[in-house]
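Some notes on the structure that comes next.
The values are calculated or read from the model by the stated rules, or taken from the named source; none is laboratory data. All of these numbers come straight from a predicted model, not from anything done at the bench. No Cβ is skipped: glycine too gets one built from the backbone with ideal geometry, and neighbour counts run over all protein chains shown. Heavy atoms of the whole protein, side chains included, go into the accessibility calculation; ligands, DNA and RNA do not. Shrake-Rupley method; radii C 1.70, N 1.55, O 1.52, S 1.80 Å.
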Amino acid sequence: MTGVGLGRGLDTLFAVPPEHRLDDVDRASARQVLGCDDHTLSTLVDRGLQASGEVGEERFDSRDLFNLALYSGTGTTVPEQAFAYSLRWMRSSTEELLAPRASRFALRIACAADTCGPEPTSMLALPRPERLGGAVHDLTVEPAGTGPAHDGGDTIVRTASGLAVTATVQTRGERAELRSPELRAIAAEFAAMDLRWVKLPAALQNDVDLVTSHGVATCDSASRYLARLCVRAGIPAVTRIGWVVGMLDLVHAWVEVEDADGATKVIDPVFALFSARVRDTNPLLCDPTVALRTNRLIPTGLPTGRTVAEHRCGGGPAVARVTTKILPAPTRPKERS
């Protein structure tokens, strides 16, 4: 059954284009990701699964393997199980998705080189839950220093090889009806497109054309596409990036729109796509008439196209290690008046 499911997944796979491929996985690791034996893997290669190298020594792009496994329908592959586990919160009741939540947030960046180059600079985005009715407590930046806050306080920069931001972040959810008929029509149109969320190389994550030409989307491209539809219809809309509590260290993206009642509302287009991968999800997560902002959303002040962490040394951009931890806070902070 695993081989049959993987074959079906291969039939609908959007393969990473050759100019963006990174064959970073060997056969043994590929079998682990796909949950298959060596014969099945060879069959997939014969049927068109992209690989490089000699027969028996092939290497594969990790994004292709992840997407193939995720849509295989077997329920046994590593990506399917990891996805179901990290998104199990989508089964929560509406009350649970809206209740105040406190999380301990930690974002760190460090130069990945053994020795950091000269004139190092590190940047991190700051959590801005106050944008969505939340609050930040006990914000700490290390090294402390006197480095400037940039982008209106949305990022922090230090002349250092590494940088860390920690805080207790308080969030809350909101359920709001979409009032504008045009906005409801746009949301319904997007929901009817039957898109697939996929992992893609960084260079393609913002490629809106893939939404219409291949029916695949990332958080970034889906948000850009939806925001573009809104702006064309005369509806003020901006994209936003941030984090979702429980989704490991993935950076998420969504759209903030101004509705006909003057209120700014969050439309999170990708969770409607995710709901197809998780059983018994809360139906409001894929209801195009509702703007459901969950209490798991931690925004930055940055739009899509920006990053939450950057490091430079030696006169240019440098590879860096970025770690994100978002865990339940030991105690919920009291709200300040």
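Table for the structure above
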{"item": "Range in the chain, longest, excluding exposed GluC sites (Glu not before Pro) [loop by DSSP; at most 15 other beta-carbon atoms within 10 Å]", "result": "58-334"}
{"item": "Accessible-area composition of the chain, carbon plus sulfur, in percent [1.4 Å probe]", "result": "50"}
{"item": "Cβ-Cβ FRET estimate between Thr140 and Val4, R0 fixed at 51 Å, reported to 0.05", "result": "0.45"}
{"item": "Summed side-chain charge close to Leu98 - residues other than Leu98 whose Cβ falls under 13 Å, Lys, Arg +1, Asp, Glu -1", "result": "+2"}
{"item": "Length-normalised contact order for the chain - Cα pairs under 8 Å, 6+ apart - percent", "result": "22"}
{"item": "Heavy-atom accessible area per residue - the chain, 1.4 Å, Å²", "result": "48"}
{"item": "Debye, to nearest 20: dipole size of the chain, +1 on Lys, Arg Cβ, -1 on Asp, Glu Cβ", "result": "1040"}
{"item": "Translational diffusion coefficient (Stokes-Einstein; Kirkwood radius from C-alpha pairs) of the range 1-76 at 25 °C, 0.890 mPa s, in µm²/s", "result": "203"}
{"item": "Added length on full extension, which subtracts the Cα-Cα distance from 0.36 nm per residue, Leu327 to Ser29", "result": "104.3 nm"}
